[in-house]
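Worksheet: one structure, shown below.
The values are calculated or read from the model by the stated rules, or taken from the named source; none is laboratory data. Source: prediction; values computed, not measured. FYI the Cβ positions are ideal-geometry reconstructions off the backbone, even for glycines, and counts take in every protein chain you see. Side chains are part of the model used for accessible areas, which takes the heavy atoms of the whole protein and leaves out ligands, DNA and RNA. Shrake-Rupley method; radii C 1.70, N 1.55, O 1.52, S 1.80 Å.
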Amino acid sequence: MTPYLIELKNICYSYHTLHGETKALDRISFGVKNGEFVAIVGPSGCGKSTLLSIIAGLIKPEEGTIAVNKPDGSLGYPKIGYMLQKDHLLDWRSVYQNMLLGLEIRKELTQENLDYVDELLKEYGLGAFRDKRPFELSGGMKQRAALIRTLALKPELLLLDEAFSALDYQTRLIVSADICNIIRSTGKTMIMITHDLSEAVRLADRIIVLTARPATVKAEVPIHLTINEPSPLAAMNAPEFNDYFNLIWKELNDENSFK
Ligand code: ADP
């Protein structure tokens with residue numbers, strides 16, 4: 001039996017337009033273990049978003065399979081949560097009403113789910129902001145609110161699509177660590193695509209490096225940073241940080257990657 005929560009085998013995908021075919025993914029294979037945090041990096045336009053859309057079930061691969069092995073033995077695809085670059089909070093609704101949005105759409109506003117949202121609000125420091133509007137929150141708090149809205153749906157697999165790239169550098173360092181620490185504390189499985197190598201090395205358990213389009217898996221690099229506390233500064237000061245950064249930089253900029 002596969003030890004992975006999800007395992008992709010030989011995934012291929014091409015876009016077909018009036019102007020021809022664009023092959024985006026070519027025989028992509030990798031697995032993600034339950035509770036693991038995998039970052040996917042690759043040159044711009046190589047197929048990262050396409051890959052994430054396939055994992056999310058938004059588009060079907062042309063070839064290849066995705067095997068699922070849920071730890072509780074239940075059948076079916078893992079419940080997916082998505083975090084995007086923009087928080088997509090609605091300014092005319094309070095923070096609390098924003099958090100209920102997904103549950104409302106799914107018609108899952110049960111007392112149990114409402115209590116869970118209250119718990120999340122308190123646990124992740126937004127209790128005092130419950131009745132504020134999103135425009136009254138800082139960029140970091142908005143991302144927290146967006147995360148809670150996602151967690152309210154109890155996803156089993158979280159997909160982060162350049163989730164922090166709209167933030168300025170310093171905020172991004174803090175918010176990305178904050179959000180990832182929260183997700184880690186919930187034990188959820190995460191797949192993040194990012195163009196920021198430092199972010200991938202700071203946050204992920206393993207990095208998958210893709211080649212230029214059509215994307216193939218160029219390298220898989222497990223990350224082990226010696227750190228005492230889960231902060232961005234501690235990660236960047238870890239003795240292994242530079243070696244990982246240089247290794248992934250080299251893999252990405254290897255002339256063979258740019259076909
Ligand atoms: P990345 O996320 O790595 O920047 P994408 O997955 O967005 O890459 O895109 C991979 C390739 O597929 C790009 O060359 C892009 O132009 C092309 N592509 C993406 N979406 C479409 C589409 N809907 N129709 C045609 N081509 C597309």
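The table below gives the values:
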quantity	calculated
Only one of E104, E63 that is farther than 30 Å from P222 by Cα and among the acidic types (D, E)	E104
From E62, E112, residue being at negative phi and assigned by TED's automatic domain parsing to the domain that holds G140	E112
Residues being outside any helix (DSSP H, G or I) and open to solvent by 50 Å² or more (accessible area, probe 1.4 Å) - total across region 88-124	8
Which numbered condition T65 misses (of (1) away from the ligand (no atom under 16 Å from the Cβ); (2) in a loop (DSSP other than H, G, I, E, B); (3) open to solvent by 20 Å² or more (accessible area, probe 1.4 Å))	(2)
Options P155, P239, P214, P230: the member that is in contact with a strand residue (DSSP E or B) (Cβ under 6 Å, 6 or more places away or on another chain), open to solvent by 30 Å² or more (accessible area, probe 1.4 Å) and either within 16 Å of the ligand (Cβ to nearest atom) or not hydroxyl-bearing (S, T, Y) (or both)	P214
Unmet criterion (only one of (1) in contact with a helix residue (DSSP H, G or I) (Cβ under 8 Å, 6 or more places away or on another chain); (2) over 23 Å from I182 (Cα atoms); (3) open to solvent by less than 70 Å² (accessible area, probe 1.4 Å)) for G76	(1)
Which listed residue, of A234, A212, is without any contact (Cβ under 8 Å) to a residue 12 or more places away in the chain and out of contact with any Asp or Glu (no Cβ under 9 Å at 6 or more places or on another chain)	A234
Segments classed as strands (runs of 3 or more DSSP E), wholly inside region 1-53, with at least 3 members that are open to solvent by 10 Å² or more (accessible area, probe 1.4 Å) and either touching a helix residue (DSSP H, G or I) at 6+ places or on another chain (Cβ under 7 Å) or at pLDDT 95 or above (or both)	4-17, 20-33
